[in-house]
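Visitor: The following block contains the structure, expressed as structure tokens.
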Amino acid sequence: MSSLTQSSAWLALQAHQSALSQQHLRALFQNDPQRFEKFSLSFNDILIDFAKQPITRETIDLLLALAHQQQLPSWITRMFSGEKINSTEHRAALHIALRGEQPIEVDGVAIMPEIKRVLKQMERFSIAVQSGARRGYTEKIFTDIVNIGIGGSDLGPVMVTEALKPYQLNGITPHFVSNIDGSQLTETLRHLDPATTLFVIASKTFTTQETLTNANSARQWFLTHGGSEQDIALHFVAVSTNRSAVEKFGINPDNMFEFWDWVGGRYSLWSAIGLPIALAVGMDNFYSLLAGAHEMDQHFATTPFAENLPVMLGLIGIWQINFFGTSAHAVLPYDQSMHRFPAYLQQLEMESNGKRITRDGEVVDYATGSVVWGEPGTNGQHAFYQLLHQGTQTVPADFLAPCQSHYPLAQHHRMLLANFFAQTEALMAGKNEQEVRAELASQRLNDASLEQLLPHKIFPGNRPTTSILFKKLDPKTLGALIALYEHKVFVQSVIWNINPFDQWGVELGKQLAGKILTELEQDTTVASHDASTNGLINYFKANQ
Ligand code: G6Q
């Protein structure tokens, strides 16, 4: 048994859960009309309502006691001061510095001047491309940017450029290629002109198989469609920490945008990995994105925990996962432009906290990260919400929506938000037997039909949701929302005593795939694996 599950704060929460779980969420609302005032928090343009979570004041007090027991205040200080809290990789986790102002040192070196230098380089470059001062090999201006990267070197920029589509500058279209599946690169390049296409090769390590293979194929396409070796310098730039590998690939270091090992892949959109964002929406909007995140950083570092958005979001997640036993978490943006937000959070949360070993090397005896997934509303309502309402599992969900739309089309936005409010209310309250009976009776059903339909039409309710409303999805608010979730993940990692900044689970697949690729290239029958893997490989070889 770990000291965490034996600790007084943990045991008190367990006892509290046994008592509180006897009460339906509907009863909590009936007993206390002030729940919204008591359990919603706001910061700048963001409002978070936790009232539809199974909580009381006592729950919050007990969760805060757990946070203090796990030394959350000192972990926040350690992260913000640049301590090497990524202990298995001996690195700091300083994404907050990328959007900060305070001087910070890593290994005795001041990093703020370096951060500012690269931001200025991004600014000069993006302005030059956008203004046409920097052009392609035929002197035409660039019209298309193709970012080649994967995981943390892809998901952030994709999600942000999609979310900020209303801010995209005229004349430049961003594209993203991540998958090793040749279809993605082929379909992306099919309609592009090499003379007007700029490639950004984004890889922290510059050793990632998918990215280097796609980058080599892109270079080949460029050379066979009109570009020459000398023109590569104009059309290929790199974002990386690995200067020598960039040079080896054939990209001039003058065309390299640097970042550093203390920036984790899934925390890197604030660094030069954000170059496609700056190219697509302009550097001013990129600076606003950073400013929004910085304000959330300040809020996280200085606000008492009971009013601290990331702290409370993290602790409510702990309450659900560890005390109600939920294992999935839905992210449901009611904003089509946030359609990649669930996928982005899936990596952020699952790669950070999908771990079973503590910082001290012990196997945990409590649950850690949930399965995170989701789709924009209202689409999801016509697909998987059935399970959310009437399935056997409880899946807590975050509903997110802007109050103002960038697309004021007739009644669309009001209809969208009507669905948001209706769904969260229905998940909380459900529809009980008495209500269903009355409804069916009013439809003049005969007794037999009524009794037959009755159980199917009952909604148990008591399904927890957190609602996050914000004024408008502008760059600043988006930056704050992303930082909110980054810090939520950190809060949970501290409670669970795990390191959220490494990702050893990603490594095994990389090693094994290398060996099998060699086997696929040979004509012989493969017998070096288990029977299933041998069988599948040999079937593929016979049918490729
Ligand atoms: C993120 C992960 C992972 C990483 C990719 C790409 O935190 O480490 O998703 O971003 O594997 O790595 P490179 O940027 O090194 O190509």
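The values are calculated or read from the model by the stated rules, or taken from the named source; none is laboratory data. Predicted, not measured: the structure shown is a model, and the values here were computed from it. Heads up, the Cβs are rebuilt from the backbone with ideal geometry, glycines too, and the neighbour counts pull from every protein chain shown. For the accessible areas, the whole protein counts, side chains as well, though only heavy atoms, and no ligand, DNA or RNA atoms are used. Shrake-Rupley method; radii C 1.70, N 1.55, O 1.52, S 1.80 Å.
Visitor: Which cross-chain or sequence-distant (5 or more) residues have an amide H under 5 Å from the amide H of Val106, H modelled 1.01 Å from N in plane?
Guide: Ile111
Visitor: From the phi angles alone, apply the Karplus equation (6.51, -1.76, 1.60; θ = phi - 60°) to the stretch 217-228 and give each ³J(HN,Hα) in whole Hz, x where the residue is Gly or Pro.
Guide: 5, 5, 4, 4, 4, 4, 6, 8, 10, x, x, 10
Visitor: Also, I was wondering about something else. Calculate, in nm to one decimal, what Ser2 and Ala128 gain on full extension: separation in residues at 0.36 nm each, minus their alpha carbon distance.
Guide: Length gained, Ser2 through Ala128: 39.7 nm.
Visitor: Something else about it: Quick check: pseudo-label points 7 Å beyond the Cα along Cα→Cβ at Ser74 and Asp530, how many nm apart are they?
Guide: Result for the modelled spin labels: 4.3 nm.
Visitor: Let me ask you something else. Under a plain spin-label model, where a point goes 7 Å from the Cα along Cα-to-Cβ, how far apart in nm are Trp504 and Phe459?
Guide: 4.5
Visitor: Counting only helical runs of four or more DSSP H residues, what would the 222 nm mean residue ellipticity of the chain come to if each run contributes -39,500 (n - 2.57) and the total is spread over all its residues?
Guide: Counting only the DSSP helices, I get -14500 deg cm²/dmol.
Visitor: Using DSSP to call loops (not H, G, I, E or B), can you name the chymotrypsin sites (Phe, Trp or Tyr not before Pro) in the stretch 76-144 whose Cβ has at most 15 other Cβ atoms within 10 angstrom?
Guide: none
Visitor: Once the piece of chain linking Gln386 and Arg135 is laid out straight, how much longer is it, given 0.36 nm per residue of separation minus the C-alpha distance between them?
Guide: Here the answer is 85.2 nm.
Visitor: For His529, list long-range residues whose amide hydrogen, built 1.01 Å from N in the peptide plane, is under 5 Å from its own amide hydrogen.
Guide: Sorted by chain and number, the residues that satisfy this are Asn534.
Visitor: Please give the FRET efficiency for Gln230 paired with Leu409, using the beta carbon to beta carbon distance and R0 = 35 Å, rounded to the nearest 0.05.
Guide: 0.10
Visitor: Distance between the C-alpha centers of the stretch 15-32 and the stretch 353-423? Whole Å please.
Guide: For the stretch 15-32 versus the stretch 353-423, the Cα centre distance is 22 Å.
Visitor: Using a 10 Å cut-off on Cβ atoms, rank the peptides 87-99, 309-321 from the highest mean neighbour count down.
Guide: Result, highest mean Cβ count within 10 Å first: 309-321, 87-99.
Visitor: Read phi for every residue in the stretch 538-544 and hand back ³J(HN,Hα) as whole Hz from Karplus 6.51 cos²θ - 1.76 cosθ + 1.60, θ = phi - 60°, with x for Gly and Pro.
Guide: Coupling constants for the stretch 538-544: 5, 5, 4, 5, 6, 10, 6 Hz.
Visitor: Would you mind computing, in nm to one decimal, how far apart the modelled labels at Glu89 and Ala27 are, each placed 7 Å from Cα along Cα→Cβ?
Guide: The two pseudo-label positions are separated by 4.7 nm.
Visitor: Oh, and also: Measuring from centroid to centroid over Cα atoms, what is the spacing of the stretch 68-83 and the stretch 201-257 in Å?
Guide: Cα centres, the stretch 68-83 to the stretch 201-257: 39 Å.
Visitor: If you don't mind, another one. Where does the charge balance sit around Gly461 when Lys and Arg score +1, Asp and Glu -1, over other residues with C-beta under 14 Å from its C-beta?
Guide: Combined, the nearby Lys, Arg, Asp and Glu give +2.
Visitor: Would you kindly derive the ³J(HN,Hα) couplings of the stretch 330-345 from the backbone phi angles with the Karplus curve 6.51 cos²θ - 1.76 cosθ + 1.60 (θ = phi - 60°), listing them in order in whole Hz, with x for Gly and Pro?
Guide: 9, 10, 10, x, 8, 6, 4, 5, 8, 5, 9, 4, x, 5, 5, 5
Visitor: I've got another one for you. Please enumerate, by chain and number, the lysines with C-alpha under 18 Å from the C-alpha of Lys515, excluding those fewer than 8 residues away in the same chain.
Guide: Excluding near neighbours in sequence, the set is Lys541.
Visitor: Can you check what the net charge comes to around Gly250, using other residues whose Cβ is under 10 Å from the Cβ of Gly250 (Lys, Arg +1; Asp, Glu -1)?
Guide: Working: positive: Arg219, Lys248; negative: Glu229, Glu247.
Local net charge: 0.
Visitor: Amide H to amide H, which residues 5 or more places from Ala328 or on other chains are under 5 Å from it, using H placed in the peptide plane?
Guide: Long-range HN contacts for Ala328: Val371.
Visitor: Would you please name the GluC sites (Glu not before Pro) within the stretch 163-241 that are DSSP coil residues with at most 12 other C-beta atoms within 10 Å of their C-beta?
Guide: Glu229
Visitor: Given the whole protein assembly as supplied and a 1.4 Å probe, what does the accessible area of His294 come to in Å², nearest 10?
Guide: Using a 1.4 Å probe on the heavy atoms, I get roughly 50 Å².
Visitor: Using a Förster distance of 41 angstrom, determine the FRET efficiency expected from the C-beta separation of Arg190 and Gln452, and round it to 0.05.
Guide: Between Arg190 and Gln452 the formula returns 0.15.
Visitor: Work out, in µm²/s and without decimals, the Stokes-Einstein translational diffusion coefficient of the chain at 37 °C, 0.692 mPa s, Rh from Kirkwood over C-alpha pairs.
Guide: It diffuses with D of about 129 µm²/s by this estimate.
Visitor: Hey, got the dipole for the chain? About the Cα centre, +1 on K and R Cβ, -1 on D and E Cβ, debye to the nearest 20?
Guide: 620
Visitor: Note down the net charge around Val106, summing +1 for each Lys or Arg and -1 for each Asp or Glu among other residues with Cβ under 11 Å from its Cβ. Don't skip to the end; give the middle numbers.
Guide: Numbers: positive: Lys84, Arg91; negative: Glu83, Glu105, Asp107, Glu114, Asp261.
Spelling it out: positives minus negatives among the neighbours equals -3.
Visitor: For the stretch 397-519, take the convex hull of the Cα atoms, compute a quarter of its surface area, and give me that in nm², please. Walk me through the numbers before you get to the answer.
Guide: Values: hull surface 62.9 nm².
Orientation-averaged projected area of the Cα hull: 15.7 nm².
Visitor: Give the lysines whose C-alpha is closer than 30 Å to that of Lys472, dropping any in the same chain fewer than 8 places away, or say none.
Guide: By straight Cα distance, Lys472 reaches Lys38, Lys52, Lys116, Lys120, Lys165, Lys488.
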